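To start, the structure itself, in structure tokens.
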Amino acid sequence: MRYEDGGGLTAAGRPKREAVRFEAAEMFEQGVRPPEVARRLRVSRKSAYAWHVAWRDGGKSALASKGPGGFLCRLNDAQAERLQAELEAGPAAHGWSEDQRWTLARVAELIHRLFGYRYTPRGVWYLLHRLGWSPQVPAHRAVERDERAVKWSRTEQWSRVRGRPSSWARG
């Protein structure tokens, strides 16, 4: 089964899926085999067999939701607010004056300086996403850029590189 958020259940979806597993447990108690459970509940046989093994080893409680996956955020709400304020102050306020861009490595270093926690780049990305930050790359144009030459290259030169469209068509 595929989920809309790319690999897990949402907070609203977890209780629904748990209810399906509990329904499967009731069927297992009645002696219904996993392939029939899969057909009735419209789930994969693999899920039904996995649920059957868990139910057999631990009962209905073994099919209870274990909550969201992944690691918990190390920063509490107050620390996340402070990080937000520090990020809004900009990189120059923290010693990175060569350019005004936050990189994942810089944010990880900032978190380590402020709170003593080490984050991986992926962990920083998840944290920034949770705080509402999005990846943005500023559009830099060269001062020497000639717009007429770019337009000519896109229309004239590129059509020559690609060649004429073929007259061949499926028959």
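General observations
- Of all residues in the stretch 116-123, none satisfies being surrounded by 11 or more Cβ atoms within 10 Å (Cβ to Cβ) and among the β-branched types (Val, Ile, Thr).
- Checking ARG160 against (1) part of a loop (DSSP other than H, G, I, E, B); (2) farther than 23 Å from GLY70 by Cβ, the condition it does not meet: (1)
- Residue among LEU127, LEU63 that alone is free of Cβ contacts under 8 Å to residues at least 60 places away in the same chain, within 19 Å of the chain's Cα centre (by Cα) and surrounded by 15 or more Cβ atoms within 10 Å (Cβ to Cβ): LEU127
- Those residues of the stretch 58-81 which are closer than 20 Å to SER134 by Cα and touching a helix residue (DSSP H, G or I) at 6+ places or on another chain (Cβ under 7 Å), in sequence order: CYS73, LEU75, GLN79
This table checks each residue for (1) aromatic (Phe, Trp, Tyr); (2) in contact (Cβ under 8 Å) with a residue 40 or more places away in the chain; (3) not assigned by TED's automatic domain parsing to the domain that holds GLU26.
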{"site": "VAL37", "(1), (2), (3)": "no, no, no"}
{"site": "VAL43", "(1), (2), (3)": "no, yes, no"}
{"site": "ARG82", "(1), (2), (3)": "no, no, yes"}
{"site": "ALA92", "(1), (2), (3)": "no, no, yes"}
{"site": "GLN100", "(1), (2), (3)": "no, no, yes"}
{"site": "ARG106", "(1), (2), (3)": "no, no, yes"}
{"site": "LEU110", "(1), (2), (3)": "no, no, yes"}
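- Against the criterion of being outside any loop (DSSP other than H, G, I, E, B), aliphatic (A, V, I, L, M), free of Cβ contacts under 8 Å to residues at least 24 places away in the same chain and not assigned by TED's automatic domain parsing to the domain that holds GLY116, VAL53 qualifies.
The values are calculated or read from the model by the stated rules, or taken from the named source; none is laboratory data. Everything numeric here is computed off the predicted structure, so don't read it as measured data. A quick note on method: Cβ atoms are made from the backbone with ideal geometry, for glycine too, and the neighbour counts reach across all protein chains shown.
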